[in-house]
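Participant: Next up is a structure, given as C-alpha cells.
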Amino acid sequence: MMTYPDFVKEVLGVKHDHVREDSPAYTELVIPRGSLDAMLGVMDRFFGGPAKAEGQKPSPEQKHMTLRHGGIRPDQILYVRNDAADSALAMFWPWSSGELITVKIFRDPRPEAQTEPAETQAPVRRPFLRFPRLFGGK
C-alpha cells in the first residue's frame, strides 16, 4: 500500500503548472488538462478510485464533508480515503477556461498511525469531518 508521503511525491511528479501549497496536511497544485489522466492514475493507486466522478451528482454527505473547502459540484471529482493510517480527501476543481484544474489534497492522519513524537510533527489542520456511514462504519 502506498504511503501518504510517497503519494504526495508522485502527485508532485505529475506535470503541473504550479504548486500553491505543500504542507504535511494540505497540498494544492494546478495541472493542465493534459495531465489529468496521469493525475487520476496516481489518485486511483492511493485512494482506490473516486468517491464521486466528474458529471456525477454529489451525495448530501459529500456536499457536507467538502463544504468547508468550497463544496463539490457535479463537474468536480472527489476522492476519499479513510483507513487505519489516514483520512484523506482530494478534490479536482476545473477552471472555467477548461485548460487548467486545481487539485486540493487534505490529510488527517490517525494518531495511532503516527510514528514521530507529537512534539516533532508539523501542526495538522482538521481538514474535514469523518463520515462513518460513507466509509462502511456504523
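The values are calculated or read from the model by the stated rules, or taken from the named source; none is laboratory data. Remember, it's a predicted structure, so these values are computed and weren't measured experimentally. Neighbour counts are summed over all protein chains in view; Cβ atoms, including those assigned to glycine, are modelled from backbone coordinates with ideal geometry.
Participant: Given the structure, is GLY49 within 19 Å of GLU21 (Cβ to Cβ) and modelled with pLDDT under 95?
Facilitator: no
Participant: With the checklist (1) among the small types (Gly, Ala, Ser); (2) out of contact with any helix residue (DSSP H, G or I) (no Cβ under 7 Å at 6 or more places or on another chain); (3) loosely packed, with under 14 Cβ neighbours inside 10 Å in hand, flag the one item SER59 doesn't pass.
Facilitator: Of (1) among the small types (Gly, Ala, Ser); (2) out of contact with any helix residue (DSSP H, G or I) (no Cβ under 7 Å at 6 or more places or on another chain); (3) loosely packed, with under 14 Cβ neighbours inside 10 Å, only one is false for SER59: (3).
Participant: Could you identify the single residue in ALA84, ALA122, ALA25 that is closer than 22 Å to LYS9 by Cα, crowded, with 16+ Cβ neighbours inside 10 Å and modelled with pLDDT under 95?
Facilitator: ALA25
Participant: I would also like to ask the following. Suppose the filter is at pLDDT 50 or above, at positive phi and loosely packed, with under 15 Cβ neighbours inside 10 Å; does GLY98 pass it?
Facilitator: yes
Participant: Also, quick follow-up: If I filter the range 1-22 down to residues being farther than 22 Å from GLY98 by Cβ and within 11 Å of the chain's Cα centre (by Cα), which single residue comes out as surrounded by the most Cβ atoms within 10 Å (Cβ to Cβ)?
Facilitator: PHE7
Participant: Every residue in the range 71-81 that is closer than 20 Å to LEU40 by Cβ and not β-branched (Val, Ile, Thr), please.
Facilitator: Once the filter is applied, which keeps residues that are closer than 20 Å to LEU40 by Cβ and not β-branched (Val, Ile, Thr), the range 71-81 yields ARG73, PRO74, ASP75, GLN76, LEU78, TYR79, ARG81.
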